[in-house]
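Please read the structure below before turning to the comments.
The values are calculated or read from the model by the stated rules, or taken from the named source; none is laboratory data. Since the structure is predicted, the reported quantities are computational estimates derived from the model, not experimental observations. Cβ atoms come from the backbone with ideal geometry, glycine included; neighbour counts cover every protein chain shown. Just the protein is used for accessible areas: all its heavy atoms, side chains included, with ligands, DNA and RNA removed. Shrake-Rupley method; radii C 1.70, N 1.55, O 1.52, S 1.80 Å.
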Amino acid sequence: MIDLNVNESQRKKNIERCRHKGILLPTFAQMRDPAKIPESIKKELSNIGLWDVHPRNLFRVSWHNEPKEFGGGYGPVNYIEIPRVITGTKARIVGLAGKWFPTGAHKVGAAYACLAPELVTGRFDPTTKKAVWPSTGNYCRGGAYISRLLACPSVAILPAEMSRERFEWLKTMAEEVIATPGCESNVKEIFDKCIELQRTRHDVVIFNQFDQLPNHLWHYAITGPAMEEVFRAIGGPNAHVGGVVLSSGSAGTLGSGSYIKEKFPGAKLAVGEALQCPTILENGFGGHRIEGIGDKHIPWIHNFRDTDAAVGVDDELPMRFIRLFNEPAGRKLLIDAGADPAAVDKLDWLGISGVGNLIAAIKFAKYYELGEDDIVFTMFTDSMAMYQSRLAELTAERGPYDQRQADRDYDRLQGLSVDYVFEMTHVDKRRAHNLKYFTWIEQLGKDLSELRAQWDDYRTYWGGLHQQADALDRLIEDFNAEVLK
């Protein structure tokens with residue numbers, strides 16, 4: 001469970017610091033439904049850029065941001081429905097779009113959910129401690145940004161082989177940026193650095209997204225309802241939620257899948273992972289190029305009771321399809337094939353992991369033979385704004401992208417098969433859950449009784465966690481009331 005015990009003396013200091021710096025905190029209810037945000041704050045936002053370092057942008061930690069770079073208000077949930085002429089599926093595939101969050105990725109939500117409780121309860125002192133954000137990319141960006149908005153110093157940790165754009169931006173935002181060895185799947189090296197920092201420094205607090213329950217809670221309470229809202233808006237009288245397909249990553253976003261399964265009985269939840277690092281599929285390992293999903297372990301906050309399938313995605317395919325979706329020759333082919341030009345124009349809303357999620361969703365829809373009334377939800381975590389250097393690298397490596405190559409890649413997209421789709425039995429789920437032991441109990445010292453509770457007493461463990469959103473909102477409301485005095 002999330003610790004909401006209060007340190008009164010530090011809480012008062014944090015209130016005074018926020019009062020001095022003009023910081024107010026959004027509640028979960030406000031992030032879910034911006035209609036509950038005060039008009040005075042909305043008026044302030046009309047003069048603030050989406051990525052500006054301004055405390056009012058905390059209220060843009062929402063799926064409802066108007067898709068504008070500056071001064072936007074709120075509107076419908078940002079999503080893209082990928083045309084069937086692209087997916088080749090009967091089912092409709094819809095992805096929530098993280099591009100219109102500050103930093104251009106939805107990970108600011110998870111970061112806020114992890115840091116805000118520590119501030120309002122007074123268990124974090126921003127005058128003596130730095131918030132450490134271990135990540136394979138977007139979470140540490142979100143953490144560094146949220147830390148700046150909350151006047152907390154930060155340390156970002158990410159693998160050295162992540163995209164150049166990430167590092168360049170982080171240097172402007174975090175007090176420290178630490179590059180660990182390896183690529184996207186080298187998560188253990190990140191954990192090792194965290195252990196080293198805890199052992200050698202007294203000025204750090206680790207906010208590890210892979211074990212932070214507020215990460216799961218934010219997506220259950222915010223992202224899941226956003227998916228439901230989109231379904232209510234676009235689904236016809238016979239529409240059905242076929243399922244939710246998400247990369248494993250830190251397993252936080254999987255909380256939205258748990259929400260959807262509760263709201264729409266019969267919906268399934270599938271987890272995508274790189275075929276080059278098939279942790280769930282084969283207890284496997286390896287490096288891969290799908291930036292943003294992490295690997296080689298099972299996150300502590302992955303609820304395998306709610307996981308129905310795993311889908312392997314060859315990392316070569318996202319690298320091909322980002323060119324198909326973004327190069328002029330590729331876009332021309334898609335439009336000539338019958339895709340709505342307006343939808344094609346938004347394909348840069350899908351970063352590499354977003355394309356990986358799309359591939360997994362297509363394979364899922366084909367495997368379960370979903371029909372025209374079925375809607376499959378997935379996640380377009382970030383956009384190509386983070387990967388222009390990757391496009392340049394691909395051009396240097398493979399040559400200019402022409403119509404002939406676009407034809408080949410489109411054929412591969414249309415020909416996606418149901419290989420490497422692993423439908424999990426109850427025993428398969430328990431086996432994957434048990435893999436947590438080797439990372440989290442043996443290596444990182446977690447409590448074995450909690451690992452067992454996640455499985456044996458799962459309704460109380462996961463259900464009780466979700467109930468804490470209201471309790472946290474009350475703490476935030478009381479905190480804000482004191483700030484405004």
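Remark on LYS130: its backbone amide H falls under 5 Å from those of VAL204, VAL205, a criterion applied only to residues 5 or more positions apart or on other chains, H modelled at 1.01 Å from N. Take the Cα of TYR437, step 7 Å toward its Cβ, do the same at VAL85, and the gap between the two points is 5.4 nm.
3J(HN,Hα) along region 150-155: 9, 6, 10, x, 9, 10 Hz, from the Karplus curve 6.51 cos²θ - 1.76 cosθ + 1.60 with θ = phi - 60°, whole Hz, x for Gly and Pro.
Mind checking the dipole of region 146-251: about its Cα centre, +1 per Lys or Arg Cβ, -1 per Asp or Glu Cβ, Debye to the nearest 20?
About 100 debye.
With helices as the sole contributors, the chain gives -13000 deg cm²/dmol at 222 nm; each DSSP H run of n ≥ 4 counts as -39500 (n - 2.57), and the sum is divided by every residue. What region 256-391 shows is 28 Å² of accessible area per residue, with the surface traced by a 1.4 Å probe over protein heavy atoms.
One Cα centroid belongs to region 118-195, the other to region 398-476; the line between them spans 22 Å. In region 242-400, taking the dipole from charged Cβ atoms about the Cα centre, the farthest positive-side position among VAL311, PHE321, TRP300 is held by TRP300.
Using a probe of 1.4 angstrom, how much of the accessible area of region 349-485 is carbon and sulfur, in percent? Numbers along the way, then the final one.
Working: 3030 of 6440 Å².
In region 349-485, the share of accessible area belonging to carbon and sulfur is 47 percent.
Quick note on region 269-386: its Rg to Rh ratio, both from C-alpha atoms and Rh being the Kirkwood radius, is 0.99. Highest-first packing order for the peptide set 2-13, 118-129 is 118-129, 2-13, based on the mean count of other beta carbon atoms within 10 Å.
Between the residues LEU334, ALA160, TYR420, the greatest Cα displacement towards the positive end of the dipole of the chain, with unit charges on the Cβ of Lys, Arg, Asp and Glu, is found for ALA160.
Given +1 at the Cβ of Lys and Arg, -1 at the Cβ of Asp and Glu and no other charges, the dipole of region 375-450 around its Cα centre is 160 debye to the nearest 20. Would you mind checking LYS12/LYS68; LYS188/LYS261; LYS43/LYS263; LYS68/LYS363; LYS171/LYS193 for any pair whose Cα atoms are more than 26 angstrom apart? From the list (LYS12/LYS68; LYS188/LYS261; LYS43/LYS263; LYS68/LYS363; LYS171/LYS193), the Cα-Cα distance tops 26 Å for LYS12/LYS68; LYS188/LYS261; LYS43/LYS263; LYS68/LYS363.
Could you do me a favour and compute the accessible area per residue for region 39-155, 1.4 Å probe, result in Å²? Result: 26 Å² of accessible area for each residue.
Charge dipole (Cα centre; +1 on Lys/Arg Cβ, -1 on Asp/Glu Cβ; no other charges) of region 410-468 amounts to roughly 80 debye. Using the Cβ-Cβ distance between ARG408 and LYS332 with R0 set to 22 Å, the FRET efficiency from 1/(1 + (r/R0)^6) comes to roughly 0.90.
Of all DSSP beta bridges located in the chain, what percent are antiparallel, nearest 5?
Around 20 percent antiparallel, to the nearest 5.
When each pair of different Cα atoms in region 40-191 is counted once in the 1/r mean, what is the Kirkwood radius in angstroms, to one decimal? Could the numbers behind the result be given before it?
On the way: mean 1/r = 0.0599 Å⁻¹.
Computed over Cα pairs of region 40-191, the Kirkwood hydrodynamic radius comes out at 16.7 Å.
Considering only VAL61, GLY75, THR27, and ranking their Cα positions along the charge dipole of region 1-81 that arises from unit charges at the beta-carbon of Lys, Arg, Asp and Glu, the one farthest toward the positive end is THR27. Per-residue extension of 0.36 nm, minus the Cα-Cα distance of GLU397 and THR172, leaves a gain of 78.0 nm for this segment.
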